[in-house]
Amino acid sequence: MTNPRSERVRSVRALAGRSVRSRTGTFLAEGPQAVREAVAAHAAARASSGAGAVVHDLYVTAAAAQRYADVVGTAERSGVRVVEVTDEVLAAMTDTVTPQGLLAVCPQRPARLDDVLAAGPRLLAVLDRVRDPGNAGTVLRAADAAGADAVVLSAASVDVHNPKVVRSTAGSLFHLPVVAGAGLEALLDALRAAGVQVLAADGTGEHDLDDLADAAALAGSGPPVAGPDLRRPTAWLFGNEAQGLDDAGRDGADAVVRVPLHGRAESLNLATAAVVCLYASARAQRRHPAAGHAPAAPPAG
């Protein structure tokens, strides 16, 4: 493709807008890292079931086709339509200041909360009213790195398929289920019914994360401890960047936990706090994988 003003170029460019993404059910993955993970997920899905597209189209410049020949080759072998474009065409397709030669059009594949909970998750990250794309993407990447089972975004949070969110995940969007558009009250009820405790992260929390980590270590593989137990299946709830948790989040959680500040910093930003909390739970759960379990609550009524 050589015409940056063609209809196809305009249609790809339009996916930067949320309304077009919603209407078409597709989104953009830009750059070598995100595209590599998208193509790998696509190839794995085709190899395991023969269906379940993760990538529809891959647009690549001549230079990138040589530099990332392995990615392009995997895409071609797994049935992705690969289109070579000029640098000008790729620049017209994306809002990135310096495109890196690879751009994929991917179908949205939203996860269902019921399916996530039916799989018996041990660790979840829940974002409520988180609106900054960089923060949302970084938390999703941190959840992936910590071995979380899924990420859940409330209806008031940023669109997970926003190009800036996708770039910030560095490919992690294609590694774990992401549930979007959840209503907080119903979500908290569903988590509790599935035997997952909800720990809300807040700087004014009653419980100190260091204390919880010490208690989990001392308890070893014994029965659940009183109060929050990091060894238990856990959903960490993170609130808005500027306002933190609202009353519904604080009141609906099983406990509110603060990350201790040992230096002179006034606070931690959302993404940093999420990393600390998720890794604290991951460490406790991996050291004692059979400990801290509690039976699921009986269904209401």
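Return a yes/no flag: does the range 169-176 have any residue that is of a type in the set (S, T, N, Q) and open to solvent by less than 50 Å² (accessible area, probe 1.4 Å). Yes - at least one qualifying residue is present in the range 169-176. A single member of ARG231, ARG129 is of a type in the set (Lys, Arg), more than 30 Å from PRO107 (Cα to Cα) and either modelled with pLDDT of 95 or more or assigned to a loop (DSSP other than H, G, I, E, B) (or both), and it is ARG231.
For the range 38-73, a tally of residues being touching a helix residue (DSSP H, G or I) at 6+ places or on another chain (Cβ under 9 Å), open to solvent by less than 40 Å² (accessible area, probe 1.4 Å) and in a helix (DSSP H, G or I) returns 9.
Within the range 214-247, the residues that satisfy the criterion of being within 28 Å of SER157 (Cβ to Cβ) and either of a type in the set (Val, Ile, Thr) or open to solvent by 40 Å² or more (accessible area, probe 1.4 Å) (or both) are ARG232, THR234, GLU241, ALA242, GLN243, ASP246, ASP247. Output the residue which, of all residues in the range 136-156 that are of a type outside the set (Asp, Glu), part of a loop (DSSP other than H, G, I, E, B) and modelled with pLDDT of 95 or more, is most open to solvent (accessible area, probe 1.4 Å). If we take residues in the range 136-156 being of a type outside the set (Asp, Glu), part of a loop (DSSP other than H, G, I, E, B) and modelled with pLDDT of 95 or more, then GLY147 is most open to solvent (accessible area, probe 1.4 Å). THR74 meets each of the listed conditions (1) in contact (Cβ under 8 Å) with a residue 24 or more places away in the chain; (2) over 25 Å from VAL178 (Cβ atoms); (3) not aromatic (Phe, Trp, Tyr) apart from (2). Going through the range 177-212 one residue at a time, which ones are open to solvent by 40 Å² or more (accessible area, probe 1.4 Å), among the small types (Gly, Ala, Ser) and over 21 Å from the mean Cα position of the chain (by Cα)? Passing the criteria: ALA193, GLY203.
The values are calculated or read from the model by the stated rules, or taken from the named source; none is laboratory data. Model, not experiment: these values are computed from the prediction. Don't worry about glycine lacking a Cβ; one is built from the backbone with ideal geometry, like all the others, and counts go over all protein chains shown. Only protein heavy atoms, including side chains, enter the accessible area calculation; ligands, DNA and RNA are left aside. Shrake-Rupley method; radii C 1.70, N 1.55, O 1.52, S 1.80 Å.
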